[in-house]
Amino acid sequence: MKILVAVDGSPCSEAAVAEVARRPWPAGSEVRLILADPPTDRSFLRGVPSDVLNEFLQSQRAEARQRLDAAAALLTKSAPALPVVPLLKEGWPKDVILDEAERWGADLIVVGSHGYGTLKRLFLGSVSLAVATHAPCSVEIVRVKTECASSATE
């Protein structure tokens, strides 16, 4: 079974990773952890020296890589028999997740839900909703209400 797990370093994505780790998957199953690194809006960075801009972008990419590596380490520790491939891709999360699921032929996409209310969801969008409505395969949305609700308000 091909399992695509979307992560972003939040408690909600950690819950999704933990949910995948706790299950007994069929022999031959594999997991791809995917973290989307959204494109940077450079319009508000006009006038910033290029060396400062490059350092900022490299820092952002390094932080994304650390979040992805932490999720991979958690999954590998919890489910050592399950092969894990971490992927860091540039793009908007819903697009990156859906594109990778299609390209790889995923059987299941697992995402965490931040539990945003209606107003925040209106302005921020909902990656889990977009994935659930447009995915080429089954989707599981993991919600841990108490943890995710507190991180969503930060």
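The values are calculated or read from the model by the stated rules, or taken from the named source; none is laboratory data. Worth saying up front: this structure is predicted, and the values here are computed from it rather than measured. We place every Cβ from the backbone using ideal geometry, glycine too, and count neighbours over all the protein chains shown.
Under the condition of being in a loop (DSSP other than H, G, I, E, B) and modelled with pLDDT of 95 or more, which residue from segment 101-120 is farthest from GLU30 (Cα to Cα)?
Only one residue tops the list, namely GLY105.
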Inset, instruction - For GLN66, work out the one condition from (1) surrounded by 14 or more Cβ atoms within 10 Å (Cβ to Cβ); (2) assigned to a helix (DSSP H, G or I) it doesn't fulfil. - result: (1)
Legend entry - Matching option when the condition is of a type outside the set (Asp, Glu), part of a helix (DSSP H, G or I) and in contact with a His (Cβ under 8 Å, 6 or more places away or on another chain), among LEU98, LEU53, LEU57: LEU98
Inset, instruction - For segment 27-37, indicate whether the set of residues that are basic (Lys, Arg) and modelled with pLDDT under 95 is non-empty. - result: no
Inset, instruction - Just give me the residues in segment 69-98 being more than 16 Å from ALA16 (Cα to Cα), of a type in the set (Asp, Glu) and either touching a helix residue (DSSP H, G or I) at 6+ places or on another chain (Cβ under 6 Å) or surrounded by fewer than 15 Cβ atoms within 10 Å (Cβ to Cβ) (or both), in sequence order. - result: GLU90
Legend entry - Count of segment 121-154 residues which are under 15 Å from CYS12 (Cα atoms), out of contact with any Phe, Trp or Tyr (no Cβ under 9 Å at 6 or more places or on another chain), at pLDDT 75 or above and small (Gly, Ala, Ser): 1
Inset, instruction - Could you list, in sequence order, all residues of segment 1-28 that are closer than 18 Å to LEU88 by Cβ, in a helix (DSSP H, G or I) and among the small types (Gly, Ala, Ser)? - result: SER13, ALA16
Inset, instruction - Find the residue count for segment 81-95, including only residues that are free of Cβ contacts under 8 Å to residues at least 60 places away in the same chain and not in a loop (DSSP other than H, G, I, E, B). - result: 9
